[in-house]
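To start, the structure under review is shown below, and the notes come after it.
The values are calculated or read from the model by the stated rules, or taken from the named source; none is laboratory data. Treat the numbers as computed from the prediction; the structure is a model and nothing was measured. Cβ sites come from the backbone with ideal geometry, for glycine too, and all protein chains shown count toward neighbours.
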Amino acid sequence: MSYDFCSDDFSAQPYWWDITPRPQNSQAPLPASTEVLVIGSGYTGLHCALETAAAGRHTTVIDAQDLGWGCSTRNGGQISGEIKPDYAELSRRYGGAEAQALIGEARAALEWIGAFIEGREIDCDFRRCGRFVAAHSPRQFDKLVKQVKNQTPGLEQPLHIVEPRDQASEIDSDYYHGGMIVDRHCSLDPAKYHSGLLRLARNAGVELVGNCAATRIEQNANGFRVITAGGVVQAREVVVATNGYTGSVTPWQRRRVIPIGSYMLATEPMPPQRAAKLMPNDRVFSDTRKIVVYFRRSADGRSLLFGGRVSVFESDPVKSLPALRAEMLRIFPQLEDVRISHTWMGFVAYTFDTLPHIGRQDGLHYAMGYCGSGICLASYLGHRLGQRLLGREEGASAFARPRFQTRPLYLGKPWFLAPSVRFYQALDRLG
Ligand SMILES: Cc1cc2nc3c(=O)[nH]c(=O)nc-3n(C[C@H](O)[C@H](O)[C@H](O)COP(=O)(O)OP(=O)(O)OC[C@H]3O[C@@H](n4cnc5c(N)ncnc54)[C@H](O)[C@@H]3O)c2cc1C
């Protein structure tokens, strides 16, 4: 299925996969035993594996699909190092010191990932481009102004207000009411980044096995016996790195993450000057809505990559493409004549306290629940998870302390999602 606004080479797969084709060697055999078995081959799993392999532990990473098939090659490539709850909310829950620790660690993770990518020379179009947070109403603009003026002592970062009258310097759109620039935020090509991690993992001796879903985990005297689609493997330690794709094989984790679809489109390439006019400073963008939209230009500067959630229920991304495009055209009506070349979706993992979590349960190590901002935090907490598994002090993290909550009757299918989306859409309309 495609529409008259789609390009002739329209694809219902991530834009990034054209540049970085899916790995071809996914059918490697599963070893009979391993010291560390990592389930999930995204940023969390690979960063954890890099740590354990570097310490000399025989490490195997498996994925139910092709390596990196999950969110880690599908995302918008916007790197923030922010968590959802603000200081006021976190200090109400846990006290001021803990709020500082959580926000401070997430912010430090942004420095860490930049240093990692540059230090390991990962070619992934990483840029310190800054973010424009666009206000969708005058009231939200006032909130941004207050946020810039009243930064929490000890957690200050460079933020700048852009008045509505000056907005054209950032975005060629009348849809918004001014906004805020966050200097520190960055961008990258997510699939190139993932491919760089795969290369590092391979070089470190990690065994990488795609198309090998874990279907049952049994604890025994030597650790765990894990039954997979590719055979049985005995593992001393098991890591659960499945985030928005967490399934029935780890029911405790499944009851604690809420899978939510995020949907994206890419436009066909535009003449460079036309594309540059849309966002002259080439930053990453998101807006102040609860049901947020996010967008940026591609690394070659020629396509618009636009994401958000337009359907109340999960949908085939091709079916919801007209609504996602309509959302894009509300912001950029001048793109009416530009065709759409790609659309795709993936499942992010929310949590009941909107924080990511790292820890160990029933002997299984896990890190997950990045609430849609996982490039930085999945990488960082995956790295910490590896250190924790090795029993190293550096593995300590504030994200291990809040209780990983579930709710009565929640078994992993978010029946409450549609009413929540409707509620937040109504709030967004009220500004
Ligand atoms: C459309 C979209 C846009 C996004 N945009 C951004 C963004 O701009 N910035 C940002 O920071 N974050 C963004 N995210 C979120 C970010 O991509 C994720 O938080 C991050 O990639 C999570 O990494 P992960 O390794 O934990 O999980 P994933 O990359 O999702 O990997 C989990 C893997 O586990 C595998 N798996 C599941 N069950 C099993 C099993 N039983 N056996 C074996 N394997 C299994 C899956 O196949 C999957 O490959 C976006 C996500 C989406 C979908």
Of the criteria (1) more than 26 Å from residue 288 (Cβ to Cβ); (2) assigned to a helix (DSSP H, G or I); (3) more than 16 Å from the ligand (Cβ to nearest atom); (4) not aromatic (Phe, Trp, Tyr), which one residue 318 fails: (3)
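Yes/no matrix, rows are residues, columns are (1) in contact with a strand residue (DSSP E or B) (Cβ under 7 Å, 6 or more places away or on another chain); (2) over 21 Å from residue 80 (Cβ atoms):
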{"residue": "302", "(1), (2)": "no, yes"}
{"residue": "305", "(1), (2)": "yes, no"}
{"residue": "314", "(1), (2)": "yes, yes"}
{"residue": "367", "(1), (2)": "yes, no"}
When you check residue 337 against the structure, is it over 29 Å from residue 241 (Cβ atoms), touching a Pro at 6+ places or on another chain (Cβ under 8 Å) and surrounded by fewer than 17 Cβ atoms within 10 Å (Cβ to Cβ), yes or no? no
Any residue that is assigned to a strand (DSSP E or B), in contact (Cβ under 8 Å) with a residue 40 or more places away in the chain, of a type in the set (Lys, Arg) and on the phi < 0 side of the Ramachandran plot - is there at least one of those in region 283-290? no
Single condition residue 172 does not satisfy, out of (1) closer than 17 Å to residue 297 by Cα; (2) out of contact with any Leu (no Cβ under 7 Å at 6 or more places or on another chain): (2)
Among the residues of region 169-183, are any within 15 Å of the ligand (Cβ to nearest atom), at pLDDT 95 or above and either under 18 Å from residue 283 (Cβ atoms) or assigned to a loop (DSSP other than H, G, I, E, B) (or both)? yes
Considering residues that are more than 27 Å from residue 402 (Cβ to Cβ) and either touching a Leu at 6+ places or on another chain (Cβ under 6 Å) or hydrophobic (A, V, I, L, M, F, W, C) (or both), the number found within region 91-119 is 1
Which pairs turn up if I take residues in region 267-279 that are under 13 Å from residue 299 (Cβ atoms) and look for partners that are surrounded by fewer than 18 Cβ atoms within 10 Å (Cβ to Cβ) and basic (Lys, Arg) with beta carbon separation below 7 Å, at least 6 apart in sequence or on another chain? 269/302; 272/302; 275/302
Can you tell me which condition residue 415 does not meet? The list is (1) out of contact with any helix residue (DSSP H, G or I) (no Cβ under 8 Å at 6 or more places or on another chain); (2) within 16 Å of the ligand (Cβ to nearest atom); (3) more than 21 Å from residue 89 (Cα to Cα), and all the others hold. (2)
Exclusive hit being under 21 Å from residue 82 (Cα atoms) and in a helix (DSSP H, G or I), set 358, 375: 375
Can you pull out the residues in region 69-98 that are without any contact (Cβ under 8 Å) to a residue 40 or more places away in the chain and in a helix (DSSP H, G or I)? 88, 89, 90, 91, 92, 96, 97
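Could you check how many residues of region 324-349 are within 12 Å of the ligand (Cβ to nearest atom) and either touching a Leu at 6+ places or on another chain (Cβ under 9 Å) or free of Cβ contacts under 8 Å to residues at least 60 places away in the same chain (or both)?
Final tally of qualifying residues: 4.
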Subset of region 371-393, residues within 17 Å of residue 38 (Cβ to Cβ), touching a strand residue (DSSP E or B) at 6+ places or on another chain (Cβ under 8 Å) and within 12 Å of the ligand (Cβ to nearest atom), comes to 374, 378, 381, 382, 385
Tell me, please, whether a residue that is without any contact (Cβ under 8 Å) to a residue 24 or more places away in the chain, more than 22 Å from the chain's Cα centre (by Cα) and within 27 Å of residue 91 (Cβ to Cβ) can be found in region 132-143. yes
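Are any residues in region 214-258 part of a loop (DSSP other than H, G, I, E, B) and either free of Cβ contacts under 8 Å to residues at least 40 places away in the same chain or more than 13 Å from the ligand (Cβ to nearest atom) (or both), and if so, which ones?
221, 222, 255, 256
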Go through region 328-353 residue by residue and tally those that are over 30 Å from residue 369 (Cα atoms) and either of a type in the set (D, E, K, R) or touching a His at 6+ places or on another chain (Cβ under 8 Å) (or both). 4
Does region 101-108 include one or more residues that are more than 8 Å from the ligand (Cβ to nearest atom) and in contact with a Gly (Cβ under 6 Å, 6 or more places away or on another chain)? yes
What single numbered condition from (1) within 30 Å of residue 267 (Cα to Cα); (2) assigned to a strand (DSSP E or B) fails to hold for residue 35? (1)
Screening 172, 125 for residues that are within 26 Å of the chain's Cα centre (by Cα) and surrounded by 13 or more Cβ atoms within 10 Å (Cβ to Cβ) leaves only 125
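With 262, 195 as the choices, which residue is surrounded by 20 or more Cβ atoms within 10 Å (Cβ to Cβ) and farther than 30 Å from residue 413 by Cβ?
The unique qualifying residue is 195.
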